[in-house]
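Here the structure is laid out as structure tokens; the discussion comes afterwards.
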Amino acid sequence: MRTDVYERITNQIVTELERGVRPWLKPWNAEHAAGRITRPLRANGMPYQGINVLMLWSASVANGYAAPIWMTFKQALDLKAHVRKGETGSLVVYADKIIRTETDAGTGEETEHAIPFLKAYTVFNVEQIDGLPAHFHAQPAARTGTVERIDRAERFLAATGANVVHGGSQPCYVISTDNIHLPCIDFFRDAESYYAVRAHETVHWTRHTSRLARDLGRKRFGDEGYAMEELVAELGAAFLSADLELTPEVREDHADYIASWIKVLKNDKRAIFSAASHAQRAADFLHGLQKPAAAAAA
């Protein structure tokens with residue numbers, strides 16, 4: 001029986017959400033030179049994107065992996081290394097398409113249609129592999145402080161051009177005025193929390209019709225479209241937090257959001273794929289707004 005990749009991944013994420021765990025929230029560790037927070041990396045150092053980020057972060061949390069680097073069984077062999085006997089790999093996917101030619105019964109004309117599909121394959125964390133070159137297991141250098149990291153976040157978010165109004169006690173994005181509203185930074189427990197929340201609201205900012213024109217069917221507070229948009233902002237902020245080395249903020253309404261996401265994911269096995277795709281698009285859009293100097297530092 002053919003495995004439904006969409007259903008398999010959705011079920012895994014729903015299971016973790018039902019346990020109260022967000023698989024994208026704390027998938028990092030200070031024990032690897034690649035950084036305290038990073039997206040999962042391929043063997044060549046290129047980061048994974050979209051749904052694969054969530055899947056490999058989830059696997060890292062479940063198995064306690066500190067290293068963010070993953071590779072296939074064959075890639076390990078090509079490096080004269082080998083996956084340890086008994087190790088279980090983790091699922092990743094890539095999008096592909098097949099071209100189907102159809103002939104019109106009346107005219108005899110042939111038309112081609114692209115049919116998208118997902119193909120799954122297995123990767124292993126470098127901590128499951130023996131014999132790799134030393135840099136795959138490199139330990140981090142001692143850290144000297146956090147000023148540079150927070151400065152980078154400030155410059156990145158400022159370079160987007162999003163208008164931020166400070167004041168009040170509730171962070172939000174108001175689409176009618178195109179403003180992000182945030183409490184002053186002194187109201188947050190630390191600077192990282194402020195920037196993580198600001199990243200979340202900045203992902204919401206990308207939904208405006210003058211930017212990505214993202215419309216997920218949101219009509220009122222608490223409906224399915226609202227839950228989907230919040231999931232996009234949650235994932236987009238997690239992606240940006242990884243890129244900017246920030247610790248994502250756990251919101252006070254944590255449980256309410258999880259319940260709404262579980263409902264959406266159970267109703268549509270492709271919802272998490274769609275949300276991850278929109279989140280990746282938002283993160284890419286914000287990276288694209290960086291001035292050359294800011295982009296180089298981010």
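The values are calculated or read from the model by the stated rules, or taken from the named source; none is laboratory data. All of these numbers come straight from a predicted model, not from anything done at the bench. Every residue, glycine among them, receives a Cβ derived from its backbone with ideal geometry; neighbour counts consider all protein chains shown.
One table, with the values for the structure above:
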{"quantity": "Which numbered condition His208 misses (of (1) closer than 28 Å to Leu41 by Cα; (2) modelled with pLDDT of 95 or more)", "calculated": "(1)"}
{"quantity": "Among residues of segment 155-187, those that are surrounded by 12 or more Cβ atoms within 10 Å (Cβ to Cβ) and out of contact with any strand residue (DSSP E or B) (no Cβ under 9 Å at 6 or more places or on another chain), counted", "calculated": "6"}
{"quantity": "Residue within segment 72-80 that is over 30 Å from Glu234 (Cα atoms), in a loop (DSSP other than H, G, I, E, B), at pLDDT 90 or above and in the same structural domain as Tyr48 (by TED's automatic domain parsing) present", "calculated": "yes"}
{"quantity": "Filter pass, Gly86 being out of contact with any strand residue (DSSP E or B) (no Cβ under 9 Å at 6 or more places or on another chain), under 30 Å from Glu7 (Cβ atoms) and either small (Gly, Ala, Ser) or at pLDDT below 80 (or both)", "calculated": "yes"}
{"quantity": "Test: residue in segment 138-154 that is crowded, with 18+ Cβ neighbours inside 10 Å, at negative phi and at pLDDT 95 or above", "calculated": "no"}
{"quantity": "Positions within segment 96-126 being of a type in the set (Gly, Ala, Ser) and modelled with pLDDT under 80, in sequence order", "calculated": "Ala105, Gly106, Gly108, Ala114"}
{"quantity": "Residue that is modelled with the lowest pLDDT, among those in segment 1-49 that are more than 21 Å from His278 (Cα to Cα) and aliphatic (A, V, I, L, M)", "calculated": "Met1"}
{"quantity": "Every residue from segment 52-72 that is surrounded by 16 or more Cβ atoms within 10 Å (Cβ to Cβ) and among the hydrophobic types (A, V, I, L, M, F, W, C)", "calculated": "Val53, Leu54, Met55, Leu56, Trp57, Ala59, Val61, Ala66, Ala67, Ile69, Trp70, Met71"}
{"quantity": "Subset tally (residues that are at negative phi and assigned to a loop (DSSP other than H, G, I, E, B)) for segment 166-189", "calculated": "10"}
{"quantity": "Hits in segment 112-129 (condition: surrounded by fewer than 10 Cβ atoms within 10 Å (Cβ to Cβ) and either more than 30 Å from Ser90 (Cα to Cα) or not assigned by TED's automatic domain parsing to the domain that holds Gln75 (or both))", "calculated": "Glu112"}
{"quantity": "Boolean, Ala199 is part of a helix (DSSP H, G or I) and at pLDDT 90 or above", "calculated": "yes"}
{"quantity": "Single match in Glu154, Glu234, Glu192 (criterion: within 17 Å of the chain's Cα centre (by Cα) and either assigned to a helix (DSSP H, G or I) or among the β-branched types (Val, Ile, Thr) (or both))", "calculated": "Glu234"}
